[in-house]
Amino acid sequence: MLAWACVLVILALSLAPGDARPHTILPGKLEHFIAYAGTGFLFSIAYRCLRTRAQIWGALVIASVVLEAIQSFIPGRSPDLLDALASSMGLTVGLTFGAVLTRLGPRA
């Protein structure tokens, strides 16, 4: 449930106007990386099937590109392919890290 909640938060923050979106002290690309890495990690913990993880990866990579493109139409936002790349890299790291931990952890 937490992984899906993260997707909803990413969706809301990606579609919010620039002045309505909360900002951190971190560079935007790092924000993207961290948000998607955390989400990927949670999905990897929740879904242990490699095929399901691959489907999640594909869906969220596509979503990151689409969300960036939609930002062309949102006041105060602009699309950036490098943001989508940072998101995809974070997702890959999070899913991989979660997969390694679940593989090395105790069997349920």
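The values are calculated or read from the model by the stated rules, or taken from the named source; none is laboratory data. On a predicted model such as this, the values are computed, not experimentally measured, just so you know. Reconstructed Cβ throughout: ideal geometry from the backbone, glycine too, with neighbour counts over all protein chains shown. Ligands, DNA and RNA are excluded from the accessible area calculation, which covers all protein heavy atoms including side chains. Shrake-Rupley method; radii C 1.70, N 1.55, O 1.52, S 1.80 Å.
What does the charge count near Phe43 come to, summing +1 for each Lys or Arg and -1 for each Asp or Glu among other residues with Cβ under 14 Å from its Cβ? Numbers along the way, then the final one.
Values: positive: Arg48, Arg51, Arg53; negative: none.
So the environment of Phe43 carries a net charge of +3.
Where does the charge balance sit around Val100 when Lys and Arg score +1, Asp and Glu -1, over other residues with C-beta under 13 Å from its C-beta?
Details: positive: Arg48, Arg53, Arg103; negative: none.
Once positives and negatives cancel, what remains is +3.
Calculate the radius of gyration of the Cα atoms of region 32-86 to one decimal place, then report Dmax, the largest Cα-Cα distance, as a whole number, both in Å.
That works out to 12.8, 40 Å for Rg and Dmax.
Accessible area per residue for the chain in Å², computed with a 1.4 Å probe and the full protein assembly in place, what is it? If you can, show how the numbers build up before the last one.
Details: 6780 Å² over 108 residues.
Per residue, the chain has 63 Å² of solvent-accessible surface.
Under 5 Å between amide H atoms, partner at least 5 residues away or on a different chain: which partners does Asp80 have, H built in plane at 1.01 Å?
Distant-sequence amide H within range of Asp80: zero hits.
Specify the residue with the greatest mean-square fluctuation among Ser14, Ser72, Ser87, computed from a Gaussian network of the chain linking alpha-carbon atoms under 10 Å apart.
Ser72
How much net charge surrounds Gly76 when only the other residues with a Cβ under 12 Å from the Cβ of Gly76 are counted, with Lys and Arg +1 and Asp and Glu -1?
Neighbour charge sum, excluding Gly76 itself: +1.
What Kirkwood hydrodynamic radius do you get for the chain when you take the inverse of the mean 1/r over all pairs of distinct Cα atoms, in Å?
Details: mean 1/r = 0.0706 Å⁻¹.
This gives a value of 14.2 Å.
At a threshold of 8 angstrom on Cα-Cα distance, excluding pairs fewer than six apart, so keeping six or more, what relative contact order does the chain reach in percent?
Here the relative contact order equals 40 percent.
What percentage of the solvent-accessible surface of the chain, computed with a 1.4 Å probe over protein heavy atoms, is contributed by carbon and sulfur atoms?
Taking all protein chains in place, the chain shows 76 percent carbon and sulfur surface.
Provide the per-residue ³J(HN,Hα) series for region 3-15, in order, calculated from phi with Karplus coefficients 6.51, -1.76, 1.60 and θ = phi - 60°, each as a whole number of Hz, with x at glycine and proline positions.
Using θ = phi - 60°, the values come out as 4, 5, 4, 4, 4, 5, 5, 4, 4, 4, 5, 6, 9 Hz.
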